[in-house]
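For reference, the structure discussed in these notes is given below.
The values are calculated or read from the model by the stated rules, or taken from the named source; none is laboratory data. Predicted model, so just to flag it, every value in this text is computed and none were measured. With ideal geometry, Cβ positions are generated from the backbone for all residues, glycine too; neighbour counts draw on all protein chains shown.
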Amino acid sequence: MVAGESRAARSGWDDGHMSQQSVIEELQRLGMSGYEAKAYVALVAAGIPLNGYEVAKRSGVPRSTVYETLAKLVARGAAYEVRAGEGVGYISLPPSALLDRLRREFDQSIDALSSALPQVAAPSQVRLVHNLSDRESLLARAEDVVAAARTDLFLSGWPAEIAPLKSTVRRADAEGVEVTVVTFGEDPEPVGTTYPHRFSSPEVVLENLGCRLLVVAADREQAVIGGVVNGDAWGVYTDDPAVVLVAVEYVRHDIAMHLIAEKFAPEDFETFWKSDPALRKLRADHGIPAALLARGPGGASAPPRRGRRA
């Protein structure tokens with residue numbers, strides 16, 4: 001997903017409508033060639049039988065390949081030959097019927113692969129760590145981790161990054177996954193057990209970190225850790241147990257601090273949090289996490305330290 005956009009938005013949805021080009025692109029994602037998708041959309045838009053010349057004219061498919069393209073649509077059941085006057089015309093399978101057929105075929109393939117693919121997979125010999133260089137890949141990989149959760153799921157982040165994951169998180173919650181979330185900012189539609197971060201305002205935390213930090217960990221087995229600032233994002237995916245453990249404990253520690261803080265009078269904890277020298281020192285390296293994430297592996301040197309502030 002592009003920063004802040006759902007797949008529907010990326011594909012051309014606008015108030016419930018899609019452009020023909022967006023429909024063609026989606027059909028290609030479902031296995032049609034570009035010419036097949038263009039020809040099918042032309043038949044659907046016409047609503048009447050068209051001969052090959054008319055399909056080529058309306059769709060942009062070259063006349064030299066239009067009959068081959070139509071034959072492929074007929075072979076896959078997406079179009080039918082009909083008598084049209086003295087010649088042969090083509091009419092589309094109704095869109096609802098095509099979508100039902102594609103959904104059945106897709107589900108059948110998934111069912112077959114779910115049992116067959118693990119049988120050919122060799123046991124992993126190495127722990128996986130790979131970089132995520134933009135917000136789209138960061139959120140897509142985070143959604144993969146959420147979807148893989150079977151027992152527990154830990155998330156920490158700003159609503160702007162949690163929102164695109166929300167539908168998948170809700171599905172996990174409905175399926176019995178124990179969902180725990182820390183949000184930096186109010187979430188009007190929380191899911192699972194959600195703890196709004198209260199020690200410092202989201203603005204202060206953002207200044208300290210230099211980015212909106214996102215942590216997603218599933219089943220203590222895999223995690224995504226990343227940072228977002230303006231339109232840029234960086235991060236990593238890993239199934240290394242040590243890194244996943246640190247990610248989970250980061251979220252759990254934040255929650256523990258909140259539970260402890262609730263035992264103090266608000267003004268006493270506020271004074272302690274802002275004035276204790278040890279805590280001030282821990283919060284002094286403003287912007288370092290974002291700089292480290294942006295640098296990625298193999299950086300020549302550590303980012304320069306900024307002046308220390310509480």
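Scanning region 149-165 for residues that are more than 9 Å from the chain's Cα centre (by Cα) and farther than 17 Å from residue 251 by Cβ turns up 150, 160, 163. Determine which member of the set 165, 139, 155 is touching a Pro at 6+ places or on another chain (Cβ under 6 Å) and within 14 Å of residue 212 (Cβ to Cβ). The conditions single out 139. Does any residue of region 10-20 turn out to be among the aromatic types (Phe, Trp, Tyr), surrounded by 15 or more Cβ atoms within 10 Å (Cβ to Cβ) and at pLDDT below 95? Yes, region 10-20 has at least one match.
In this structure, is residue 83 part of a helix (DSSP H, G or I), without any contact (Cβ under 8 Å) to a residue 60 or more places away in the chain and either basic (Lys, Arg) or surrounded by 14 or more Cβ atoms within 10 Å (Cβ to Cβ) (or both)? No: the conditions fail for residue 83.
Given the residues 61, 74, 55, which is the only one that is closer than 19 Å to residue 21 by Cα, in the same structural domain as residue 27 (by TED's automatic domain parsing) and in a helix (DSSP H, G or I)? The unique qualifying residue is 55.
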